[in-house]
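What follows is calculated from the coordinates using simple rules that are stated; it is not laboratory data. The model shown is predicted, which means the values in this text are computed figures rather than measured ones. Virtual Cβ from ideal backbone geometry, glycine too; neighbours counted across all protein chains shown.
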């Protein structure tokens, strides 16, 4: 019986000893399986890294996921961002250089940028005024500034979206937020946006420019500068007006194309035929003036009696001039018409008729002459 008990204790001991021995014996096999050829000790790279050719190449070369992904985020990502910025700067520089060449004035005095656009400058056959080159320069500079701003915003906007995409940002919520922010900014700065848009259309359509005499409603005078937001006008008293382009509802330009000088002279109840002949002779002498002849487009014309009032007849004289010469021709025409009426004696008849209303014209004239002699 004892030998049997001894055998059972031996079997129990062997079983207790053999279990750890088998576990320890299995460890080298597991370790060998881990480091065996063809096994992958590292997990696969992330999905973002797997989508990159350079990252996959690093992973295939090194066989290490953490090395490939670390190199991708530490070295390759910054290099790609720098490459995007460099390309954006180069594109911006090239486009700005092209715009500057378009803005630059050519040999004929017209910037290349303005050639496709309509230009409303005085069309009379005389030398351009001193303001026309400045007008063209400011117009081209303003339009060029808008184009440069648009190019900069477009290029860097595309670059920003590409950089955000490099860092796996979801662009859909970002674009939606940008749209909401743009709407809010539009409501908050609508007056500024209105001024800029109105100024841009004024420049493109060439409604007025530097040196033009304009009537903007509240201010009338000569335009000194035209910008995207503000137009400055100096009136006849020397006051400089700053007018926001969005507030300009109507524009009366007196410096484009041609102008019409209109002079209405009241002659009372004197003979209209005599007065018309005198005024026609005086108006024709203005067209013969060598200093004013280049400014006159059509010969002066005395239209005749324009209206009848309680004080008598009103005779109208008109002359078509260049836009720049209307004021000089108008002043000289009025002076010569007044002198002609005075030299012909019609002015004295008009004065006598006003001093002695109701008295026949010849009697009033004789009375005025008699008083003048007694005096």
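With both labels modelled 7 Å from their Cα along Cα-to-Cβ, the residue 101 to residue 303 distance reads 5.4 nm. Does anything in the stretch 221-238 have its amide N under 19 Å from the 7 Å Cα→Cβ label point of residue 331, and if so which residues? Those under the cut-off are 221-223, 234-238. Among 163-171, 272-280, sorting by the average number of other beta carbon atoms lying within 10 angstrom of each residue, highest first, gives 272-280, 163-171. Computed from the C-beta positions of residue 240 and residue 185 and an R0 of 25 Å, the FRET efficiency is 0.20 to the nearest 0.05.
For the peptides 248-261, 288-301, the ranking by mean Cβ contacts within 10 Å, running from highest to lowest, is 248-261, 288-301. Residues in the stretch 186-212, backbone N under 13 Å from the label point at residue 148 (7 Å along the Cα-to-beta-carbon vector): list them, ranges by number please. The answer is none.
The slack between residue 192 and residue 314, meaning 0.36 nm per residue of separation minus the straight C-alpha distance, is 39.0 nm. For the stretch 117-256, the calculated P(r), taken from all Cα-Cα distances in 5 Å bins from zero up to the bin holding the longest distance, is 2, 9, 15, 17, 16, 11, 9, 7, 6, 5, 3, 2, 0, 0 percent.
Annotation for residue 176 and residue 285: the two label points, set 7 Å from Cα along the Cα-Cβ direction, are 8.3 nm apart.
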